Amino acid sequence: MFPAAALFALSYLAVSYGQQVGTNTAETHPSLQWQTCTAPGACTNVAGSVVLDANWRWLHSTSGYTNCYTGNTWDATLCPDAQTCATNCALDGADYTGTYGVTTSGNALTLKFVTNGANKNVGSRLYLLADASHYQEFKLLNREFSFDVDVSQLPCGLNGALYFSEMAADGGASAYPTNKAGAKYGTGYCDSQCPRDLKFIDGLANVAGWTPDSNSANSGKGNWGSCCNEMDIWEGNSISEAVTPHPCNVIGQTECTGTDCSGGMCDPAGCDFNSYRMGNTTFYGPGSGFTIDTTKKITAITQFFTADGTDTGTLSEIRRIYIQNNVVVQNSVVNIPGIDPLNSITEQFCTEQKTVFGDTNTFEQKGGLAAMGQAFGRGMVLVLSIWDDYAVNMLWLDSDYPTTADPTAPGVARGTCSTSSGAPADVEANSPNAQVIYSNIKFGPIGSTYNTGSTSSSSSVSHSSTTTSSSSKSTTTTSSTKSTTTTTSSSKSTTTTTSSSKTTTTSTTSTKTSSSNGASQTKWGQCGGIGYTGPTACSGSTCTYSNPYYSQCL
């Protein structure tokens, strides 16, 4: 998510009526299969489904078809205030394919960028459901989460974002009686940017102080925002990709006003690991010259280690592993003077990164990994989206940012896209057929979601930080539905953007991986565990037991 510098700097009486549910279109949640795992090759199918976020949905009068919200403006008669609007207006069911470009097939979810139906729709945000009225919750401590992603059709300025937010499992329906729609219709969104573009927060319309955006015909901002802990598993396109924890000092979805919405409650910048930004410019990108070739499907595995290796311990490390062409590839190693050559997110990495890049360490101020881990223990909701960035054109992900800074200064260059790329009007006009495909979602104990026996787990020089790891897994269920407007909208934070002109890298060298048939494993690679058949001897290090499914060369 874009950093804080890019952000534009109640109570109520419960009544018997509130944010209503429409009856014009039946809500049918698209099915999406995913898996829980106990060991490599020992995974069980889960019959899940997805729901569209409420902000995308048609919002109309309960007595007919009059829009409560048109373009970027509220209807003054239906919505003179928050409570009256919640009583007068209803969210309706979604035509997932025809209006929003959302399709599922087995374990795959495809999100189209622009869909031209009765109205033009841009982007989408969906949630994984446990049942018709609850979001699926994930408890991530001492676990790993893996999925396949195809970003080959995402140019500069677009973001296929898969992440976790600490939303209420029922979308806030039980906590806020005025919310009659709940998770079935995708209510209750929150993230670390504390977005103020949400039309409803805590069951009430965000009409007070609503100001239409000057650069978007479909969005605006009200006085309220919606804050919560956020873990960005994947924010990426074909040029750049980042994994980023964003801790908050609040528990669960929390309404904000004023300065609390712009960094008072949460860390909007986070502690990001973007390989390009961290000094390896040939690790990720389109073509055979990159270690991870974005013209092909990618498997991304994210592991959440605790300090004591238990499900209730303190989060101490977030580690990324990739699989492509049946080869396991460890994350790239930091190549920035002043930052240790690590390849995972730890408190040490975050502190050194913030110091060297000259960034305020809001990550530490908001509790760092410990606070993030506490949210993991309470449970997180899976979000799947595609969006463009009306705030800063996604330059924070794939270009030089800030644009006024020296691009050779540490941390400024994040990808090869031009600083003139990413304008939403350009991207929506030039790349309307862009899409992202998420598939093969798996969740389980460390080392359980992929088979290391047939592949290598080493890249040329991989470093990771020192932590212990993991064991058994637990999940809770929750459900939600996702809402959308019938006009264009943004996906992840307060605004969205697009990009048009895309610059590709000129690098031709890459870090090669080796096969698991080698006699020894490199440092930080896997060297043992149930179901593992790769190298068990470590080169220059010792094979150290973490749990029954995972031992590592340390």
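The values are calculated or read from the model by the stated rules, or taken from the named source; none is laboratory data. Source: prediction; values computed, not measured. Note that we place each Cβ from the backbone using ideal geometry, even for glycine, and neighbour counts take in every protein chain shown. Note: accessible area is taken over every heavy atom of the protein model, side chains too, but ligands, DNA and RNA are not part of it. Shrake-Rupley method; radii C 1.70, N 1.55, O 1.52, S 1.80 Å.
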Problem set entry | Unit Cα scatterers, Debye sum, the stretch 312-402: log10 I(q)/I(0) for q = 0.16 Å⁻¹ | -1.01
For this session: Whenever you get a sec, line up T299, T244 from highest to lowest accessible area (probe 1.4 Å, protein heavy atoms).
Result: T299, T244
Exercise. Roughly to the nearest percent, how much of the accessible area of the stretch 27-138 is carbon and sulfur, given a 1.4 Å probe?
Worked result: 48 percent
Seminar exercise, completed: With the 1.4 Å probe rolled over protein heavy atoms, the stretch 31-172 has an accessible area per residue in Å² of 30 Å²
Exercise. Listed highest first by mean packing, meaning other Cβ atoms within 10 Å per residue, what order do 314-321, 172-179 come in?
Worked result: 314-321, 172-179
For this session: Over the stretch 214-281, with every protein chain in place, what whole percent of the accessible area is carbon and sulfur at 1.4 Å, could you tell me?
Result: 46 percent
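Two-decimal Rg/Rh of the stretch 189-286 from alpha-carbon positions, Kirkwood Rh?
Answer for the stretch 189-286: 1.07.
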Exercise. Which of the peptides 89-98, 255-264, 268-277 is most tightly packed, and how do the rest follow, judged by the mean count of other Cβ atoms within 10 Å per residue?
Worked result: 268-277, 89-98, 255-264
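Carbon and sulfur atoms: what percent of the 1.4 Å accessible area of the stretch 285-392 do they account for?
Roughly 49 percent of what the probe reaches on the stretch 285-392 is carbon or sulfur.
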